[in-house]
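Here the structure is laid out as structure tokens; the discussion comes afterwards.
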Protein chains: 2
Amino acid sequence: MSQSANKQITLKEVAEAAGVSVSTASRALAGKAEAYRISRSTERSVQAAAKRLQFQPSLLAKSLRSQRTKLLGVVLPNIANPFFASIAREITLAAEENEFSVLLADSQENGETEVHLVEQLQARQIEGLVVCPVGIQNQHLTKITRQNLPLVLVDRGFAHKDLVTVTSDHREGARVATKLLTDQGHHQIGVLQGLPDTLPNTERLRGYSEELKRCGITFDPTLIAGNHFDESSGYHAAHQLLSAHPEITALFAFSNQNALGALRATAELGRNIPDDLSLIAFDDHPFAAYLAAPLTSVCQDVSQLGRVAASLLMEQIKTGKQPIEKQHRIPVEIINRSSIAKFE
Amino acid sequence: MSQSANKQITLKEVAEAAGVSVSTASRALAGKAEAYRISRSTERSVQAAAKRLQFQPSLLAKSLRSQRTKLLGVVLPNIANPFFASIAREITLAAEENEFSVLLADSQENGETEVHLVEQLQARQIEGLVVCPVGIQNQHLTKITRQNLPLVLVDRGFAHKDLVTVTSDHREGARVATKLLTDQGHHQIGVLQGLPDTLPNTERLRGYSEELKRCGITFDPTLIAGNHFDESSGYHAAHQLLSAHPEITALFAFSNQNALGALRATAELGRNIPDDLSLIAFDDHPFAAYLAAPLTSVCQDVSQLGRVAASLLMEQIKTGKQPIEKQHRIPVEIINRSSIAKFE
DNA sequence: TTGAAAGCGCTAACAG
DNA sequence: CTGTTAGCGCTTTCAA
């Protein structure tokens, strides 16, 4: 019952069917009939044979020969996360426009896996790479740049400012979000943070503390809790903060998943938003408007993030040069709904 | 300033560095030293040279030679949709486990694009393909099966029952959802449908009408509206239905995006859920529990969908045989919340 | 125990 | 206008 996979038609067979040599067949099909002054008749017979046999040239062989694979690599921490899925999509669409294909890999938020996947992609001779790096270590990525393989980091990045990076303006977003809270009289603001030491988290913390400082509120590190951008972290952090600090009047969640966890925790605690507790979140969400307490949020332009990353990458591939500007910031937007109440 | 990309180290260079022939180098690195009785010393010197030069064998050349690419193709209508993103993720993880890589493509719900992408993937000599087909036309897919390229359809499928397909039990899900409504006394149930003539939509309609029949309610086709699984379709369909049929007491949305549109429409219309209108939706959502009216929904096991598709595919690749069972149904689960009220 | 050579499918330089 | 040939980087006979 096991049938061998149907052999692919090769150029050689097309050539034979058309009664010409492989080179002629190759040229005719590559649209170089003009340049090589191939007769109309042979050109047509080659095309006919190719069509008849349903010839599909092997991109594998083409790539080996030309040393150009038209392959892009994308490594993300979790493809199922809509945030990363949107980024993946934009890159894929840009790739398709340029006749590139995308090799997508999921590092599962694991640094070693990331290193392994990047190597694997390199072995496939990708022409460009987009990574949202998992960790704080980046040797394997600087190495890539040294090897002149076009690389763009997205969302997360490093202190190492030479790597091309596109990410949101986390600091400004967090600053404005915090201001929204302080403007309403909130002084005890708990933070549900994400993965510590990642660029987005660090910068958001910075924006938060800067705004506090501006208001003359002293920064209290015990008001920060959480260790991931996921629901579970938000849930536990909210519980912890709310029980240890009854004086907290507002929560700032660093992702919509964190906010989701906060929602679950506050529901359990019987705290009502916004009456008993104000809430603001990084990342908007389609459903945010229809929640029991329509969620005020800091909206990242995820598609734009992906598009900029993609164009930065394609540009590098086309020109062979790195962009002059390495650091790219995408502005965020505040969506004002009603999860924040005045505190007096 | 433009620097040429760093040439990859080839086996030849490793061989030279180790002072052996390419064949020996190849064998030593392939772990075939034993089989070929290569001396410990040469084996080690080859390995040392490879390591020193950071040799990464070209999978391109390997694939061309072995006619095995270890490449999977995945074509989905919209990667940014969390539903498809989850499927993509499961396939990717399964692939990574088996040392395969995944070529991901986005058909943008466009049949022609899908055909083109599938061809492109085939040209890259993928060893297996997962598609969520956009349309009702399937010639290009049956052709693939005829060519003995392992293929698995996911979510959507065709009447053509020979294609390996894994999808949810839409009919049963819709039947139970409808029963939830009829049990509460709802007889005028509007349907916010998705893309007509797709398998999920057709089967859901069937489950819906079967349940109505069982209750002795006559099926009214004018109670069906919508043409896509997206927010916009849900929004317009809800408006249309609610204005044309004031007698409607409940809405059945065929996707969570459709439900989102319904939420927007009902908010505009000032209809309160569940008091003025009951709502149930296909597809659960993390935020569903925290909506103003916690949404009762039919939850598909998306990860399972992806996992089954992946394992069906890997199995075909490994054995070279098609599975005996072509049609695979994943059970759905009803999540009872409070968007349905009794109607008397 | 190792090397030379062929060949996977394709393109391009060179030769008519 | 077209064919012959070499070679992309690798594995695997075949030969020693």
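Listed values, structure above:
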{"item": "Residue in the range B:125-132 that is within 9 Å of another protein chain (Cβ to nearest Cβ), touching a strand residue (DSSP E or B) at 6+ places or on another chain (Cβ under 8 Å) and acidic (Asp, Glu) present", "result": "yes"}
{"item": "Subset of the range A:276-286 [within 12 Å of chain B (Cβ to nearest Cβ) and of a type in the set (A, V, I, L, M, F, W, C)]", "result": "A:Leu279, A:Ala281"}
{"item": "Residues of the range A:43-72 classified as more than 12 Å from DNA strand D (Cβ to nearest atom), more than 7 Å from chain B (Cβ to nearest Cβ) and either closer than 30 Å to A:Val152 by Cβ or surrounded by 22 or more Cβ atoms within 10 Å (Cβ to Cβ) (or both), total", "result": "5"}
{"item": "Residue under evaluation B:Val134, criteria (1) closer than 25 Å to B:Gly320 by Cβ; (2) within 16 Å of the chain's Cα centre (by Cα), criterion not met", "result": "(1)"}
{"item": "Residue in the range B:151-167 that is among the acidic types (Asp, Glu), without any contact (Cβ under 8 Å) to a residue 40 or more places away in the chain and on the phi < 0 side of the Ramachandran plot present", "result": "no"}
{"item": "Of all residues in the range A:20-42 being of a type in the set (Lys, Arg) and loosely packed, with under 11 Cβ neighbours inside 10 Å, the one that is nearest to A:Ile9 (Cα to Cα)", "result": "A:Arg40"}
{"item": "Test result for B:Glu210, outside any helix (DSSP H, G or I) and either outside the structural domain of B:Val154 (by TED's automatic domain parsing) or within 30 Å of B:Leu163 (Cβ to Cβ) (or both)", "result": "no"}
{"item": "Within the range A:287-305, tally of residues that are within 9 Å of another protein chain (Cβ to nearest Cβ) and of a type outside the set (A, V, I, L, M)", "result": "4"}
{"item": "Filtered residues of the range A:8-34 (kept if at pLDDT below 90 and more than 14 Å from chain B (Cβ to nearest Cβ))", "result": "A:Gly31, A:Lys32, A:Ala33, A:Glu34"}
{"item": "Matching helices (runs of 4 or more DSSP H) fully within the range B:231-336 where at least 1 residues are closer than 25 Å to B:Ile189 by Cα and over 17 Å from the mean Cα position of the chain (by Cα)", "result": "B:231-244, B:256-269"}
{"item": "The one condition in (1) over 26 Å from B:Asp197 (Cβ atoms); (2) surrounded by fewer than 18 Cβ atoms within 10 Å (Cβ to Cβ) that B:Ala244 fails to fulfil", "result": "(1)"}
{"item": "Every residue from the range A:275-296 that is farther than 17 Å from B:Arg264 by Cβ and either hydroxyl-bearing (Ser, Thr, Tyr) or surrounded by fewer than 22 Cβ atoms within 10 Å (Cβ to Cβ) (or both)", "result": "A:Asp275, A:Asp276, A:Ser278, A:Thr296"}
{"item": "Among the residues listed as B:Arg27, B:Arg37, the single one being within 16 Å of DNA strand D (Cβ to nearest atom), without any contact (Cβ under 8 Å) to a residue 24 or more places away in the chain and in contact with a Phe, Trp or Tyr (Cβ under 7 Å, 6 or more places away or on another chain)", "result": "B:Arg27"}
{"item": "Subset of the range B:200-223 (residues that are surrounded by fewer than 20 Cβ atoms within 10 Å (Cβ to Cβ) and under 23 Å from B:Leu260 (Cβ atoms))", "result": "B:Thr202, B:Leu223"}
{"item": "Residue that is nearest to DNA strand C (Cβ to nearest atom), among those in the range A:16-41 that are part of a loop (DSSP other than H, G, I, E, B) and of a type outside the set (Val, Ile, Thr)", "result": "A:Ala30"}
{"item": "Selection within the range B:53-86 - away from DNA strand C (no atom under 16 Å from the Cβ) and of a type in the set (A, V, I, L, M)", "result": "B:Leu53, B:Leu72, B:Val74, B:Val75, B:Leu76, B:Ile79, B:Ala80, B:Ala85"}
{"item": "Qualifying positions in the range B:100-115 - within 18 Å of A:Leu71 (Cα to Cα) and more than 8 Å from every other protein chain (Cβ to nearest Cβ)", "result": "B:Phe100, B:Ser107"}
{"item": "Complete set of residues in the range A:73-99 that are over 25 Å from A:Gln257 (Cα atoms), in contact with a Ser or Thr (Cβ under 9 Å, 6 or more places away or on another chain) and more than 10 Å from chain B (Cβ to nearest Cβ)", "result": "A:Ala94"}
{"item": "Hits in the range A:302-340 - residues which are surrounded by 19 or more Cβ atoms within 10 Å (Cβ to Cβ) and either within 18 Å of A:Asn256 (Cα to Cα) or modelled with pLDDT under 95 (or both)", "result": "A:Val302, A:Leu305, A:Gln322, A:Val332, A:Ser339, A:Ile340"}
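The values are calculated or read from the model by the stated rules, or taken from the named source; none is laboratory data. As the structure is a computational prediction, the values presented were derived from the model and not from experiment. So basically every Cβ, Gly included, is an ideal-geometry build from the backbone, and we count neighbours across all protein chains shown.
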